[in-house]
Every structure is written in C-alpha cells, then in structure tokens.
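Accompanying notes for the structure given below.
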Amino acid sequence: DVKVTQSSRYLVKRTGEKVFLECVQDMDHENMFWYRQDPGLGLRLIYFSYDVKMKEKGDIPEGYSVSREKKERFSLILESASTNQTSMYLCASSSGGGNIQYFGAGTRLSVL
Amino acid sequence: KQEVTQIPAALSVPEGENLVLNCSFTDSAIYNLQWFRQDPGKGLTSLLLIQSSQREQTSGRLNASLDKSSGRSTLYIAASQPGDSATYLCAVKSTGTASKLTFGTGTRLQVTL
C-alpha cells in the first residue's frame, strides 16, 4: 500500500514564525503536491514537484515556498506565517502523469 | 479555466437507499476524472479514476460514469450503509496541465439508520 506521511496532524504557530510542513512518501513517486483545504473553497493547489529539485507553482503559491531535495520528501515552507494561512494542509503523491493521487492524513495548522 | 461543481453540497439518506452524486465541469478537454472520499479531519482516499476514453468504472457498490461532451460525471452508490457517510469529492485533470487536478467542493453524505 502507498503511504504518504505528514509529520504533524496539528500545529499551532504564531504570526511571523517560519513554519515547515513535511511530507514523505514510500512509493518512489515522481510527483508530489501540496494543497490547502478551506470550507467552501475546496482543495487548492499551492505547489507541486515532478522531480527532485523541480517545482511548479500551483494556483495559490503566494506566501509559500517548497523544497524537494530527495525524491521521497516534499516540504512546504511558510516564510512568515500569517493568520490567513490557518488551514488544513494536504500532501499527495502520484506516479507518472494523470495517475491516482495518494493523500496524507493532513496537517491542521492554526496561526495565532 | 476549468471549474468543477458538485451539487448538492449535502445529502442525507436512509440506510439501504441507492443514491447518485453529481459532478459537473466546464471544460470538456479532460484527461481523466477521479472520485475521492474524505472522512472528517482526514485526508482523501481515491475511490475511482475514469480515463477520458472510458464511460464508466466500477468498484464494489460504487459505479462512476463520465459524459465528457456534457461535462458531467456521476457517482452511484448502491445499498448505502452508515459507513458510507463522508464527503465525496470529484477532481478533474485537464489536458495539458501536467498532473494538476481541479477539485469540486464536495458533497457531504450522511446515511442514517
């Protein structure tokens, strides 16, 4: 079974802090994704990566950056957390193009 | 820009009923469409993936259909059970968009005893 693991289920941070969200997958997938999910807005793509050290902006990249130094790990970075970044963050991975995306359990981030 | 809509936003049915969830999309140039299930506070689980060349896919009590020309997909759940209670999301991969998916906002299903 594919496993996508997000390092934290719940996180509370203060405004202005630098925040790291980590995601690890164990299926040697090329593609990895970061989404945020907000009530009434659905899932929105922040960034994705189709190879090590490669990244592409999604629909809402502002205020975020990513890092993919190893194939299995994709990190989302909030350089200076703000209250409007309070959300559920979901990581996913897939092989090739257009294949099934497998999701982690999510990290619920609260920025106070 | 692709837009995906799911109506209704919420649905409550008694156990045992057959039901249909709807998904519509604005751009018919799609590569595939996926249906996901999400339990409260959890991640998404893929249920079915339909390629653009297919009309339907089945898995157990679930059957998903795709009509590209009309921009619609349906997820049929037979003999619903309380364990089916969850939010169901559809997501479209449009052609020429690498691996990006566009998600609907979901239908929250409650199956009552």
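Every read-out reported here was derived from the displayed coordinates using simple, explicitly stated rules and does not represent laboratory data. Predicted, not measured: the structure shown is a model, and the values here were computed from it. Every residue, glycine as well, gets a Cβ built from its backbone with ideal geometry; the counts of neighbours run over all protein chains shown.
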* Asked: In whole Å, what are the Cα extents of chain B along the three principal axes, biggest one first?
  -> 45, 28, 20
* To do: Return a single number: how many Lys pairs in chain B, at a sequence separation of 8 or more or on separate chains, have alpha-carbon atoms below 20 angstrom apart.
  => 5
* Structure fact -> Filtered hits (aspartates and glutamates, Cα-Cα < 16 Å from A:LYS13, offset >= 8 within chain) -> A:GLU22, A:GLU79
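With a 10 Å radius around each residue's Cβ, average the other Cβ atoms per peptide and rank B:44-53, A:30-39, highest first.
Packing proxy ranking, top to bottom: A:30-39, B:44-53.
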* Structure fact -> Taking alpha-carbon centroids only, segment B:37-72 lies from segment A:7-22 a number of Å equal to 33 Å
* Which value results when the Cα radius of gyration for segment A:10-103 is divided by 2.2 N^0.38 Å? -> 1.04
* Residues of B:63-75, mean number of Cβ from any other protein chain within 10 Å of their own Cβ, rounded to a whole number? -> 0
* Arranged from highest to lowest average of other beta-carbon atoms within 10 Å per residue, in what order do the peptides B:75-84, A:67-76 appear? -> A:67-76, B:75-84
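What is the average number of partner chain Cβ atoms found within 10 Å of a Cβ in B:29-41? Show your work: numbers first, answer last.
Numbers: counts 0, 1, 2, 3, 0, 4, 0, 4, 0, 5, 1, 0, 6.
For this peptide, the per-residue mean of nearby foreign Cβ atoms is 2.
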